[in-house]
Amino acid sequence: QVQVVESGGGLVQPGGSLRLSCTASGSIFNIYRMAWYRQVPGLQREFVAAVTRAGDTMYADSVKGRFTISRDNAKNMVYLQMNSLKPEDTAVYYCNAYPGAVLIWGQGTQVTVSS
């Protein structure tokens, strides 16, 4: 079963940017839609953005216009470019298939937006 590893998180000031990467241990070509999710301690994991195999995208309203998701099927990678970050974007970010998260969840990458 394909596993994923997320990276690229960190501490950033409000208004700053980060680029997250998701590396899959196997091919993601046959996974129609890959997504980023995020979770704040004590709350449910929530959908952030998704991208189809062809590059069509969808976003949660809270990140629309600020985040951009993309994927490289040849490299088995998914990216999340996050701009104009807000304190409410602070969370652990994960990637997986969407809507059914059929891959093995990774450890996630922590994003903290704070001055």
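The values are calculated or read from the model by the stated rules, or taken from the named source; none is laboratory data. The structure displayed is predicted, hence computed values, not measured ones. Note that we place each Cβ from the backbone using ideal geometry, even for glycine, and neighbour counts take in every protein chain shown. Note: areas computed on protein heavy atoms with side chains; ligands, DNA, RNA excluded. Shrake-Rupley method; radii C 1.70, N 1.55, O 1.52, S 1.80 Å.
Taking region 21-115 as the region of interest, the strands (runs of 3 or more DSSP E) fully inside it that hold 2 or more residues being touching an Asp or Glu at 6+ places or on another chain (Cβ under 7 Å) are 33-39, 91-97, 109-113. Counting the residues of region 55-71 that are open to solvent by less than 60 Å² (accessible area, probe 1.4 Å), within 17 Å of MET34 (Cα to Cα) and at pLDDT 95 or above gives 7.
For the criterion of being open to solvent by 60 Å² or more (accessible area, probe 1.4 Å), among the β-branched types (Val, Ile, Thr), over 13 Å from VAL111 (Cβ atoms) and at pLDDT 95 or above, THR52 fails.
Number of residues in region 76-102 that are exposed (fewer than 13 other Cβ atoms within 10 Å of the Cβ) and in contact with a Ser or Thr (Cβ under 8 Å, 6 or more places away or on another chain): the value is 2. Under the condition of being open to solvent by 30 Å² or more (accessible area, probe 1.4 Å) and modelled with pLDDT of 95 or more, the residues counted in region 24-41 number 3. Of all residues in region 1-23, those that are touching a residue at least 40 places away in the same chain (Cβ under 8 Å) have Cβ atoms under 7 Å from Cβ atoms of residues that are of a type in the set (Lys, Arg) and in a strand (DSSP E or B), 6 or more apart or on another chain, in GLY8/ARG19. Scan region 1-22 for residues that are modelled with pLDDT of 95 or more, surrounded by fewer than 16 Cβ atoms within 10 Å (Cβ to Cβ) and more than 10 Å from the chain's Cα centre (by Cα) and the total you get is 8.
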